[in-house]
1. Ranking request for peptides 279-290, 165-176, 412-423, 301-312: highest mean number of other beta-carbon atoms within 10 Å first, then the rest in descending order.
2. Output the relative contact order of the range 123-270, whole-number percent, from Cα pairs under 8 angstrom with separation of 6+ residues.
3. Can you bin the range 123-228 into rounded, prolate or oblate? Criterion: square roots of the alpha carbon gyration tensor eigenvalues sorted a ≥ b ≥ c, rounded for a/c under 1.5, prolate for a/b above b/c, oblate for the rest.
4. Where only protein heavy atoms count, and the probe is 1.4 Å, what is the accessible area per residue for the range 244-345 in Å²?
5. What are the residues whose amide H is under 5 Å from the amide H of V143, where those residues sit 5 or more places off or on another chain and H is modelled from the backbone?
6. Tabulate in residue order the Karplus-calculated ³J(HN,Hα) for the range 133-147, using 6.51 cos²θ - 1.76 cosθ + 1.60 with θ = phi - 60°, rounded to whole Hz; enter x for Gly and Pro.
7. Run the accessible area of the range 425-478 with a 1.4 Å probe and give the carbon-and-sulfur part as a rounded percent.
8. Would you pull out the residues with amide H under 5 Å of L148's amide H, same chain only if 5 or more places away, H placed 1.01 Å from N?
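The values are calculated or read from the model by the stated rules, or taken from the named source; none is laboratory data. Because the structure is predicted, anything quoted here is derived from the model rather than measured. Methodologically, a virtual Cβ is constructed for each residue, glycine included, from the backbone with ideal geometry; neighbour enumeration extends over all protein chains shown. Note: areas computed on protein heavy atoms with side chains; ligands, DNA, RNA excluded. Shrake-Rupley method; radii C 1.70, N 1.55, O 1.52, S 1.80 Å.
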Amino acid sequence: MSTAYTFQSPSVTLEKGATRPGSSLSQSLMSAKQPALQSPHSQNRKLAILTVILALASITCFFTAYHLFTTRFARSPSSSALVCPHLHPADALPKANPPAHDHDHDPHTKYLSYFPHSGLHNQRIALENALVLAQQVNRTLLVPFLRLGQPIRYVSFEKLRRFLVLGSKAGLKHCPFVPIGIPTPDECSGYDEWTSIPWDHLVDFHAIGEKVGVKMIQWDGSPVAEWMKKLNINIFEADTLTLQDVGPYDFRFLDTFDDVSPTRDKYLYSIYIPALAQAPERLVQIGTLFGSSRLRLRQGVSKSVRRDVRSGMVFTNADLSRVADTIYETLGGVYIGAHLRVGDGQFEQRGADNARLVWWKLVHLETLALEQQLNPFDEDLDPPLIHPDVPSLRVPHPPLPPLPHTFKPQIRCRAPLHTSLRLQKLNAPLYIATDSPNPTADPLFSIYTKTFPCIFFLSDFTSRLTPLDALINPYDQVPLKEFLIPAAREVVVTDGSTFGAFVKDIVQRG
């Protein structure tokens, strides 16, 4: 809005009885009492100065009010300690502080970035693909934080970028400090439904980077351009190669020009990694990298890198390891582990078939006859179609050790043990990691509970999860326990189970 100022010329009026201005007396009086007339230029200057002062005052008031608003729920360290004396940040959670000087980054360094989405396992698959791709094209990988809790589903490139921008917690530092009894501000709605942590809180990034020769920079999930500015990395749009997808299976990456994707392949376009390695742009920005078959690798070196990346993605978090150790001891030190994902998407749709398939792979004892015995109402049962596990055939696992004849779990089994010699192997403790909210009441698991008297789920070990109670994310002050439960379920399988290596690979390709 513009404001118009009207300047009026000063006038001189004579009171009644005054001497006419023609006399010398009147002229001398007027010259003595009347102030000197100011030029329009002088008045404009004063108004300009006044305008600047008012503008600066307004800006100062605005930022003061904004600071008071965003810190209105902040607590001093002393009061925080009095309110929550048992809470402390996660021990291994690092701070990803940007470097202080521009010379920390070589202006000729090239980067690779991608957009994260979906749940923990999907984000891990995307990260594995990104690590292999970054090694193949010799670029520094920008690694987004791991998002836990309410996921961002896959959408097309532009929508996903917008979701990541809108889903940021920037400017919401006051949300975790809203006192009890005060209505939650609108901007803080859903604040506790998700959190994000650096990946190296869960896995040993340093070891992976050293082994495969990839440099990594972790970023908090905010727009890549903004985060790179914080890192003092100046890359302009003209120096960015963008692979903009509109569907989840647009781009597939091949490591040799001698290879082609099959015509029946679900991926629409093939991108040859050797050609991508020659791209002159400093930043290659990709959308989704999720998909266990996203990278079609035929070169021995490429396969070796992928193998090293996958083996390095085992969770090494100290808090999760402590939980897994206590459960491992409670299960007697020897148990079978399996992972059954049935809670969302295609896994929910195929839940019954997948549950039966995993059960068949676990039993291996006149399976069809046993299944018919346990399900007498299903008279027309046929064996499930078990496809060869091609990835495992390419990279075979070492032979599994034989199970002992007796088991000594320190927790009571759900049912009496099998006494038949033929079925005694089924007395082995079975731990199932699943995202089913109530597996003991889920019909998908009924055949498991009938088959394995010593079957257990993470819900059977709630008292062993107490080491996670005190973990607070220092980035957003959100308690981490609820979000680390899925990782804890898996660590019990991969760290202690007799079939841990097998299950881990199945989980990654799920």
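1. The most tightly packed comes first, giving 279-290, 301-312, 165-176, 412-423.
2. That works out to 31 percent.
3. Prolate.
4. Per residue, the range 244-345 has an accessible area of 43 Å².
5. I217, Q218, W219
6. After applying 6.51 cos²θ - 1.76 cosθ + 1.60, I find 5, 4, 5, 5, 9, 6, 10, 6, 8, 8, 9, x, 4, 7, 8 Hz.
7. Percent of accessible area from carbon and sulfur atoms in the range 425-478: 54.
8. The list, which skips near neighbours in sequence, is T195, S196, I197.
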